[in-house]
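Asker: Quick one: the structure is below, and I'll ask about it shortly.
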Amino acid sequence: MRLSAEFREQFVQHEMRTHGRKNGFVTTGQEARLLKWLPIIGLPKGKTLASANLAEDAPVVMEIGFGNGDFLVHLAERHPEWTLVGVEIYLPGVAKAVGRLADAGFIERTRITQLPAQFVLQHQVAEQQLDGVFINHPDPWPKPRHHKRRIVQKDFSQLLVSRVKDGGFIKLASDIPELAVWMRDILDQTPGLTNVAGLGGFIARDEDRVHTKFEQRGINAGRDSQFLHYIKK
Ligand SMILES: C[S@@+](CC[C@H](N)C(=O)[O-])C[C@H]1O[C@@H](n2cnc3c(N)ncnc32)[C@H](O)[C@@H]1O
């Protein structure tokens, strides 16, 4: 990897403890894209969303764990009026997404960070700053002793809700039935949220949704995904 120590220090936060892979192979071309774009649209540790030069009055919608950027590109296409904030700890995923967003001409209305979502929400996003949040197919951590590594936890859910505006949304998807129920049970019990499908319910798949890599992986393995939609009261 050729990213300089200074660049890594500013944009690639290896010292933060996370569960899940952060590093992997980044091509020379991807690296050039990162070096070009992250100084402009990156959200390094010392910067808040409020100081990130966002378009005035544009709804701000975050995707947590965007993987290779499938859904982020889809959102940018479908919602030219939105400012998108992408949060992903896996550097090769960040590199792929930055390249795809740049090629499609969407990069300037996105903000991208490799920092963990917990840090971003706690330190870089203000209360009631987000119009919506998507979390698609978060890591399942199937072993019971690893369940505490799952991103959706009670504390995380409360933090997330505090960052969403009244009337804003949180939408989640999972192809792992046990994880879908885990997320639903936590979010159903989080004060301030209304489950659009009613307590205990899942919504139908939005017809125009793109199949992300992990939704497709589920389909290939014979698993249908489940979808959750909450509104902040
Ligand atoms: C199973 S993948 C799903 C990727 C994509 N959303 C999809 O549907 O194909 C989960 C993603 O969440 C990312 N992730 C895990 N923990 C995270 C965290 N604390 N903050 C941000 N992203 C995280 C992982 O690196 C991984 O890319």
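Here, each number is a calculation from the coordinates, and none is a lab measurement. All values derive from a computational prediction rather than experimental measurement. FYI the Cβ positions are ideal-geometry reconstructions off the backbone, even for glycines, and counts take in every protein chain you see.
Asker: Per residue, how big is the convex hull of the chain when only Cα atoms are used? Give it in Å³.
Answerer: Each residue corresponds to 124 Å³ of Cα convex hull volume.
Asker: Report the calculated FRET efficiency for Lys233 and Glu56 (r = Cβ-Cβ distance, R0 = 35 Å), to the nearest 0.05.
Answerer: 0.85
Asker: Rounded to the nearest 0.05, what FRET efficiency do Ala204 and Glu77 have when you use their Cβ-Cβ distance and R0 = 22 Å?
Answerer: Calculated transfer efficiency: 0.55.
Asker: Right, another one. May I ask you to list the aspartates and glutamates whose Cα is less than 19 Å away from that of Lys165, ignoring any residue fewer than eight positions away on the same chain?
Answerer: Glu56, Asp57, Glu63, Glu81, Glu127, Asp131, Asp155, Asp188
Asker: What FRET efficiency comes out for Asp103 versus Val196 if R0 is 35 angstrom and r is the Cβ-Cβ distance? Round to the nearest 0.05.
Answerer: Result of the calculation: an efficiency of 0.55.
Asker: Right, here's the next one. Within the stretch 185-214, what residues put their amide N at less than 16 Å from the label point 7 Å along the Cα-to-Cβ vector of His147?
Answerer: Zone members listed by number: 185-189.
Asker: Okay, moving on. If you average the sequence gap of Cα pairs under 8 Å that are 6 or more apart and divide by the length of the chain, what percent do you get for the contact order?
Answerer: 19 percent
Asker: Taking the chain as a Gaussian network, where each spring joins two C-alpha atoms under 10 Å apart, which residue of Val210, Val60, Val152 fluctuates the most?
Answerer: Val210
Asker: Which entries in the list Lys45/Lys171; Lys154/Lys232; Lys22/Lys96 go over 18 Å, if you measure between the two C-alpha atoms of each?
Answerer: Pairs exceeding 18 Å: Lys45/Lys171.
Asker: At 0.36 nm per residue, minus the direct Cα-Cα distance, what do Ala5 and Val181 gain on full extension? Give it in nm, one decimal, please.
Answerer: So the extension gain works out to 59.2 nm.
Asker: Give the aspartates and glutamates reachable from Lys143 as a straight Cα distance under 17 Å; neighbours fewer than 8 places away on the same chain don't count.
Answerer: Correct list for Lys143: Asp175, Glu178.
Asker: What's the center-to-center distance, using Cα atoms, between the stretch 78-155 and the stretch 27-69 in Å?
Answerer: Using only Cα atoms to place each centre, the spacing works out to 10 Å.
Asker: Separate question: When the helices in the chain are scored as -39500 (n - 2.57) per DSSP H run of 4 or longer and the sum is shared across all residues, what 222 nm value do you end up with, to the nearest 500 deg cm²/dmol?
Answerer: Rounded to the nearest 500, the figure is -9500 deg cm²/dmol.
Asker: Which order do the peptides 16-27, 100-111 take when ranked by the mean count of other beta-carbon atoms within 10 Å per residue, highest first?
Answerer: The peptides rank, most packed first, as 100-111, 16-27.
Asker: If you scale each eigenvalue of the Cα gyration tensor by 5 and take the root, what three semi-axes come out for the stretch 133-178, rounded to whole angstrom and sorted largest first?
Answerer: Whole-Å semi-axes of the equivalent ellipsoid: 22, 13, 6.
Asker: Output the 0 to 90 degree angle, nearest 10, between the alpha-carbon long axis of helix 91-103 and the longest principal axis computed from the alpha carbons of the chain.
Answerer: Helix 91-103 sits at roughly 80 degrees to that axis.
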